[in-house]
1. Looking at A115, A191, can you tell me which residue is assigned to a loop (DSSP other than H, G, I, E, B) and in contact (Cβ under 8 Å) with a residue 60 or more places away in the chain?
2. If you scan the stretch 63-72, which residues turn out to be outside any loop (DSSP other than H, G, I, E, B) and either of a type in the set (S, T, Y) or over 16 Å from G310 (Cβ atoms) (or both)?
3. Say we look at the stretch 130-155 and pick out the residues that are in a loop (DSSP other than H, G, I, E, B) and without any contact (Cβ under 8 Å) to a residue 24 or more places away in the chain; which of these is surrounded by the fewest Cβ atoms within 10 Å (Cβ to Cβ)?
4. Applying the selection to the stretch 79-101, what residues are of a type outside the set (G, A, S) and over 15 Å from the mean Cα position of the chain (by Cα)?
5. Which of the numbered conditions does V104 fail, given that it passes all the others? Conditions: (1) more than 16 Å from the chain's Cα centre (by Cα); (2) surrounded by fewer than 19 Cβ atoms within 10 Å (Cβ to Cβ).
6. With at pLDDT below 90 and among the β-branched types (V, I, T) as the only criterion, which of T71, T42 stands out?
7. Give me the residue from the stretch 196-208 that is open to solvent by less than 60 Å² (accessible area, probe 1.4 Å) and closer than 22 Å to V83 by Cβ and, out of that set, modelled with the lowest pLDDT.
8. Looking only at the stretch 248-285, which residues are among the hydroxyl-bearing types (S, T, Y) and buried (at least 18 other Cβ atoms within 10 Å of the Cβ)?
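The values are calculated or read from the model by the stated rules, or taken from the named source; none is laboratory data. As the structure is a prediction and not an experimental result, all values here were calculated from the model. Cβ coordinates were reconstructed from backbone atoms using ideal geometry, including for glycine residues, and neighbour counts include every protein chain displayed. These area figures cover heavy atoms from the full protein model, side chains too; ligands, DNA and RNA do not enter into them. Shrake-Rupley method; radii C 1.70, N 1.55, O 1.52, S 1.80 Å.
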Amino acid sequence: MTMMTVRSRDARPESGRASPRRWHRLAGAIALVGLGLLAITTAQATVYRLVDTSDSVIGTPFYVKARKEHTLLDIGRHHGLGVDEMKQANPEIDMWLPGAGTAVLVPDRHVLPDAPRTGIVLNLAERRMYYYRSATEIETFSIGIGRDGWETPTGSYRIIEKTENPSWTPPASIRAEYAKQGKTLPAVVPAGPDNPLGDYRLRLSNPSYLIHGTNKPWGVGMPVSSGCTRMFPEDIEHLFGQVAVGTQVTIVDQPYKVGWLGEQLFLEVSRAEGSAPRPVEEIIPPSIANAEGVVIDWDEVRRVQQDNTGFPRWVGGRQGSRSWHHFDMIF
């Protein structure tokens, strides 16, 4: 049975997601609503536990009141969210000066990618990683990915090497790029604060590509790398201790994700800026749209695609459920 609970953000156990700026604690939670799942925490990161294995939506959106010194980047990093996610969820709020008392949406809700629920899954379209502790226990992290011309490749890989305090040997292509800008890169950059790999590195079976930390954390959540996957320093430190050599890594690019949470159907759209929209009738898979008892609000599907917020929204449900239209009333 899908149950609804309403609670204060401050009542949630400390997740350990805070940035090095942990000395300022975000306050003033306004509201949050959770459906059909439990959020549990470890000392390092929030673990989302699906109540039903047929569900594919995790997380609980909520609001915080910004303080004078906060930026959207500060708020996002504190909660494990990247730059683009926070900007998309709060389009009317100034990224650098939200303003004291401003209600900021923390979009801590995600539809799981259509991929095997094992190991690590990266969805490039939303700049987000999902780590499956099991088929029903998931951790999720914001990531930085490859920029135009240096795209992170999709496919199935595995972790072949773990390195703490790595040095960086920039490939010839990157050294040439720096040279065009009048900069000289050394043949090897040693471990330390100037190393763009940060303190931890996971090498994939395509050995040119890494999952690593960064000495420029505000680029996390954006397409800014030379193809590798960047994580917040605190997130890669946690993940490094969780995963083993041989862990499967699946990289997908899914700007449209559809998933069930109990009797409610959610759509999440993270369409690249300038990309052509899909025909509305093709967004919801026929296996869902044509299933017996399923009702789709096609006008809402159209709005979700147009708004392109990267935030899951209700677009339908199964007839007979008394709560299937709940999120239509809230958001």
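1. Details: A191 fails: in contact (Cβ under 8 Å) with a residue 60 or more places away in the chain.
Among A115, A191, only A115 is assigned to a loop (DSSP other than H, G, I, E, B) and in contact (Cβ under 8 Å) with a residue 60 or more places away in the chain.
2. Initial filter on the stretch 63-72 (outside any loop (DSSP other than H, G, I, E, B)): 63-65, 72.
Those that are outside any loop (DSSP other than H, G, I, E, B) and either of a type in the set (S, T, Y) or over 16 Å from G310 (Cβ atoms) (or both): Y63, V64, K65.
3. Applying the first criterion (in a loop (DSSP other than H, G, I, E, B)) to the stretch 130-155 yields 133-136, 143, 147-154.
Filter once more, keeping what is without any contact (Cβ under 8 Å) to a residue 24 or more places away in the chain: 134, 149.
Values: S134: 11, G149: 8.
If we take residues in the stretch 130-155 being in a loop (DSSP other than H, G, I, E, B) and without any contact (Cβ under 8 Å) to a residue 24 or more places away in the chain, then G149 is surrounded by the fewest Cβ atoms within 10 Å (Cβ to Cβ).
4. Narrowing the stretch 79-101 to residues of a type outside the set (G, A, S): 79, 81, 83-88, 90-98.
Result: N90, P91, E92, I93, D94, M95, W96, L97, P98.
5. Against the list (1) more than 16 Å from the chain's Cα centre (by Cα); (2) surrounded by fewer than 19 Cβ atoms within 10 Å (Cβ to Cβ), V104 comes up short only on (2).
6. Numbers: T71 fails: at pLDDT below 90.
None of the others qualify; the one that does is T42.
7. It comes out as P196.
8. The initial filter retains those residues of the stretch 248-285 that are among the hydroxyl-bearing types (S, T, Y), namely 250, 256, 270, 275.
Result: T250, Y256, S270.
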